[in-house]
Amino acid sequence: MTHTLTLREIAPVTHNVNHLVFDRPDGFDFQPGQATDFALDKDGWRDRQRPFTFTNLPDSDRLEFTIKSYPAHDGVTEQIAHLAPGDTVLIEDAWGAIEDKGPGTFIAGGAGITPFIAILRARRAREGSLAGCQLIFSNARERDIILREEWEGMPGLDTVFTLTDEQAEGLEHRRIDGDFLDEKVKEWNGMFYVCGPDAMVEDIGKILRGKGVPVERIVIEAA
């Protein structure tokens, strides 16, 4: 089912990421970690759907997204950065395989953090702490880290930030590989959540399985 949303607020999160707040249609439901097919409600764009994850808690009276824009692509995300309050977009019903299946290690690359935003926020609201949870978050540059202060301020959450394209004080400067995970993972018996570019998700999935993590403890978006 297609739903029309009206934009209420848009604000920058980083240099190329925006937080968008929309009115929520009556009866629209989703679970933390789920996404929707999202399109701009204007001529030439309605059939150009892109998947974006809800980043607010399910009991909110609004729908929120945290969306990274890629101006060089001249596509949907570039257009989203220019939306203004009152503009409308189209979404479909919620879908997605990424959901909270218990404490564990969340491994994200760039905008792949977005399914984990609502999951970790909901877990904090429910449990009061993120004890037993670890976030390993890879980005190209320090300024690309989405919601860094929120992650560092979440009680009980162990955070590891790594950069691939620059060095920065206090941050790792490495790609996530098997040796990196051997050094950084705190608990190998919990769940593993992986989201990011397709190649990264595939590589880390192979690494985890190679280290004996059963597939039922690896949560990724279904192909």
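The values are calculated or read from the model by the stated rules, or taken from the named source; none is laboratory data. This is a predicted model, so every value here is computed, not measured. Ideal geometry is used to build each Cβ from the backbone, glycine not excepted, and the neighbour counts take in all protein chains shown. All accessible areas refer to the heavy atoms of the entire protein, side chains included, with ligands and DNA or RNA removed. Shrake-Rupley method; radii C 1.70, N 1.55, O 1.52, S 1.80 Å.
Looking at segment 1-44, which of the residues that are in contact with a helix residue (DSSP H, G or I) (Cβ under 7 Å, 6 or more places away or on another chain) and in a loop (DSSP other than H, G, I, E, B) is nearest to Phe116 (Cα to Cα)?
Gly33
Could you figure out which of (1) at pLDDT 95 or above; (2) assigned to a loop (DSSP other than H, G, I, E, B); (3) among the hydrophobic types (A, V, I, L, M, F, W, C) isn't true of Ala222?
(1)
So Ile67 passes all but one of these: (1) open to solvent by 10 Å² or more (accessible area, probe 1.4 Å); (2) under 25 Å from Glu142 (Cα atoms). Which condition number does it fail?
Tallying (1) open to solvent by 10 Å² or more (accessible area, probe 1.4 Å); (2) under 25 Å from Glu142 (Cα atoms), Ile67 fails exactly one: (1).
Can you tell me which residue among Ala108, Ala122, Ala118 is assigned to a strand (DSSP E or B), aliphatic (A, V, I, L, M) and buried (at least 18 other Cβ atoms within 10 Å of the Cβ)?
Ala108
Give just the number: which of (1) touching a Ser or Thr at 6+ places or on another chain (Cβ under 7 Å); (2) on the phi > 0 side of the Ramachandran plot does Thr53 not satisfy?
The single condition Thr53 does not satisfy is (2).
State all residues of segment 191-201 that are surrounded by 14 or more Cβ atoms within 10 Å (Cβ to Cβ) and either modelled with pLDDT under 95 or in a helix (DSSP H, G or I) (or both); if no residue qualifies, say none.
Scanning segment 191-201 gives Met200, Val201.
Among the residues of segment 70-79, how many are touching a Ser or Thr at 6+ places or on another chain (Cβ under 6 Å) and surrounded by 18 or more Cβ atoms within 10 Å (Cβ to Cβ)?
1
Restricting to segment 125-156, count the residues that are assigned to a loop (DSSP other than H, G, I, E, B) and open to solvent by less than 20 Å² (accessible area, probe 1.4 Å).
So the count comes out to 5.
Of all residues in segment 87-102, which are open to solvent by less than 50 Å² (accessible area, probe 1.4 Å) and of a type outside the set (D, E, K, R)?
Thr88, Val89, Leu90, Ile91, Ala94, Gly96, Ala97, Ile98, Gly102
Give the residues of segment 65-122 that are closer than 17 Å to Thr4 by Cα and of a type in the set (Gly, Ala, Ser), sorted by residue number.
Ala84, Gly86, Ala94
Residue-wise test of (1) on the phi > 0 side of the Ramachandran plot; (2) among the β-branched types (Val, Ile, Thr).
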residue: Glu166; (1), (2): no, no
residue: Glu169; (1), (2): no, no
residue: Ile176; (1), (2): no, yes
residue: Asp182; (1), (2): no, no
residue: Gly190; (1), (2): no, no
residue: Tyr193; (1), (2): no, no
residue: Asp198; (1), (2): no, no
residue: Gly212; (1), (2): yes, no
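Only residues that are more than 20 Å from Val21 (Cβ to Cβ) and of a type in the set (Lys, Arg): list them for segment 66-117, please.
Scanning segment 66-117 gives a single hit, Lys101.
For segment 7-28, which residues satisfy the criterion of being open to solvent by 40 Å² or more (accessible area, probe 1.4 Å) and either in contact (Cβ under 8 Å) with a residue 12 or more places away in the chain or of a type outside the set (D, E, K, R) (or both)?
Arg8, Glu9, Ile10, Ala11, Pro12, Val13, His15, His19, Asp23, Arg24, Gly27 - these are the residues of segment 7-28 that are open to solvent by 40 Å² or more (accessible area, probe 1.4 Å) and either in contact (Cβ under 8 Å) with a residue 12 or more places away in the chain or of a type outside the set (D, E, K, R) (or both).
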